[in-house]
1. Has region 198-216 got any residue that is in a loop (DSSP other than H, G, I, E, B) and crowded, with 20+ Cβ neighbours inside 10 Å?
2. When both residues are 6+ apart or on different chains and their Cβ atoms are under 7 Å apart, which pairs have a first residue that lies in region 303-320 and is under 23 Å from Q254 (Cα atoms), and a second that is acidic (D, E) and buried (at least 18 other Cβ atoms within 10 Å of the Cβ)?
3. Quick one: what pairs do we get from region 183-208, first residue among the β-branched types (V, I, T), second assigned to a helix (DSSP H, G or I) and surrounded by fewer than 15 Cβ atoms within 10 Å (Cβ to Cβ), C-beta under 7 Å, 6+ apart or different chains?
4. Of all residues in region 217-228 being touching a residue at least 60 places away in the same chain (Cβ under 8 Å) and more than 15 Å from H406 (Cα to Cα), which is surrounded by the most Cβ atoms within 10 Å (Cβ to Cβ)?
5. Can you name the strands (runs of 3 or more DSSP E) wholly within region 293-409 that have at least 1 residues being closer than 21 Å to G153 by Cβ and under 17 Å from the mean Cα position of the chain (by Cα)?
6. How do the pairs read when you match residues in region 363-384 that are assigned by TED's automatic domain parsing to the domain that holds P337 with residues anywhere that are among the small types (G, A, S) and not in a helix (DSSP H, G or I), using Cβ under 6 Å and keeping only pairs 6 or more apart or on different chains?
7. I want to confirm something. Restricting to region 40-89 and keeping residues that are of a type in the set (G, A, S) and surrounded by 14 or more Cβ atoms within 10 Å (Cβ to Cβ), which single residue is farthest from A11 (Cα to Cα)?
8. I'm trying to understand the selection: among the residues of region 392-414, which are surrounded by 15 or more Cβ atoms within 10 Å (Cβ to Cβ) and farther than 17 Å from I223 by Cβ?
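The values are calculated or read from the model by the stated rules, or taken from the named source; none is laboratory data. Just so it is clear, the model here is predicted, and its values are computed rather than measured. Here the Cβ positions follow ideal geometry from the backbone for every residue, glycine too, while neighbour counts run over all protein chains shown.
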Amino acid sequence: MTTHKTSGRIAIAHPTGNTFSRAAAEAFQRNDLLDTFHTCIAIGNDSGNPLSKRLYAQRRCEIPQAYLKTRPARELTRLILQKKDWLPNLRKHETGAFCVDSIYHDLDQHVAKSLEQQAKKPAAIYAYEDGALASFIAARNCGIPRIYDLPIGYWRAARRIQSEEALRLPDWASTMPALIDSESKLERKDEELKLCEQIIVASRFTAETLKEAPFDLPTPYIIPYGCPPPRKDVSPKSDASKPLRVLYVGGLSQRKGVAYLLDAVEALGSAVELTLIGKRVSECAPLDAALKKFHWIDSLPHSEILNTMREHDVLVFPSLFEGFGLVITEALSQGIPIISTSHTCAPDIIEDGREGYIVPIRDAAAISEKLTRLHEDRDHLQQMKEAALQRAATMSWELYKDGLVHAAKHILKL
């Protein structure tokens, strides 16, 4: 182990700078625990560049620009190619020069070099699944502690559940791209885990899946994500003479149990109206037929998704395999109850029968039964809407940040 000077602070690395990685950077910076936030595209809260502020508004991070180390070229190219649907071979899963995996690996290599070259090393490196291997190897060689954030369940559990699903519903197999991950990608995930010294997850389900690893791992810290600020008023009582307004938000993949939602809704006929918001992930004949029958929106800005939630009575999120399911907390914040499975964050954040229902995976009949109850008992539905807002008020992103800071201080022995 190399002896070195340390900054006493944590370096974070995440290519896309998503909601929870930005929250981690903000939490650490506020508590004088942030060394650097490595990401592809981001803008700090003190940037004076009007063009950057406009272009990168969605990647704004509430930390000073000096903490950000960005690497935008490849990610900007990927986003443009994706938006325009150009040059699909350059975005091909795992192998394309501008696929998501390529972006993750490029930043990972860059962070590794940065760790090796820094005279004053960070006190720890905090990195995320698929983007940590090179960074962790460099950190190990420099004697830097390694914290691994696993935002979704462990891959062996994912492959087991989705392989079972492909046998049950072969027409939906193409919508589960995790089944085609290469052996080298899966080996990389395991190597990252073997190199880490601490693990952060957002749900008990994710923690449980790690028990399928064929090697020893540290006990994970479980820190649930937060809710957006809850709306101030409850929606008016739903009209019992009209169909129940059911919403699904998420990728249109059988990993998320979409087929079981469609079966549940079909069984109820005119008692419910279904809206689906999400992108198709592949050709799938039964899905394509359903999208012609129900109200389908390919994508919406985040603010419009929240507005659409307010116009519905219940969110159904019947996922077979998640790490959390941010759409659940978003629904609670808009005052609509949820129906979800035990393979999401639902058991961590709601009480079954109060803010929503927890159903088994692969159980269209259970979904139908809960929807029927809400359709027939609008008073109970209204009580659930009120309870959803009350629960959302107790689950701010500040609570998530506090949990991360507490874990970080424990890990660093501060």
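1. Quick first cut of region 198-216, residues in a loop (DSSP other than H, G, I, E, B) only: 202-203, 213-216.
Still in the running and crowded, with 20+ Cβ neighbours inside 10 Å: 202-203.
Yes - at least one qualifying residue is present in region 198-216.
2. Taking only residues 6 or more apart or on different chains, the pairs are M309/E330; L320/E165.
3. Here the result reads none, with nothing in region 183-208 linked to a residue that is assigned to a helix (DSSP H, G or I) and surrounded by fewer than 15 Cβ atoms within 10 Å (Cβ to Cβ).
4. Here is the first cut: in region 217-228, the ones touching a residue at least 60 places away in the same chain (Cβ under 8 Å) are 220-228.
After this cut, where a residue has to be more than 15 Å from H406 (Cα to Cα) as well, the list is 226-228.
Working: G226: 22, C227: 26, P228: 19.
Within region 217-228, the match that is surrounded by the most Cβ atoms within 10 Å (Cβ to Cβ) is C227.
5. On the way: elements: 295-297, 314-317, 338-341, 356-359.
The strands (runs of 3 or more DSSP E) meeting that bar are 314-317, 338-341.
6. Close Cβ pairs satisfying both conditions: R378/S238; R378/A240; L381/S238.
7. Keep residues of region 40-89 that are of a type in the set (G, A, S), which gives 42, 44, 47-48, 52, 57, 66, 73.
Checking the rest, the ones that are also surrounded by 14 or more Cβ atoms within 10 Å (Cβ to Cβ) come to 42, 44, 47, 52.
Values: A42: 15, G44: 16, S47: 21, S52: 23 Å.
Taking the candidates together, the pick is S52.
8. Result: A392, single match.
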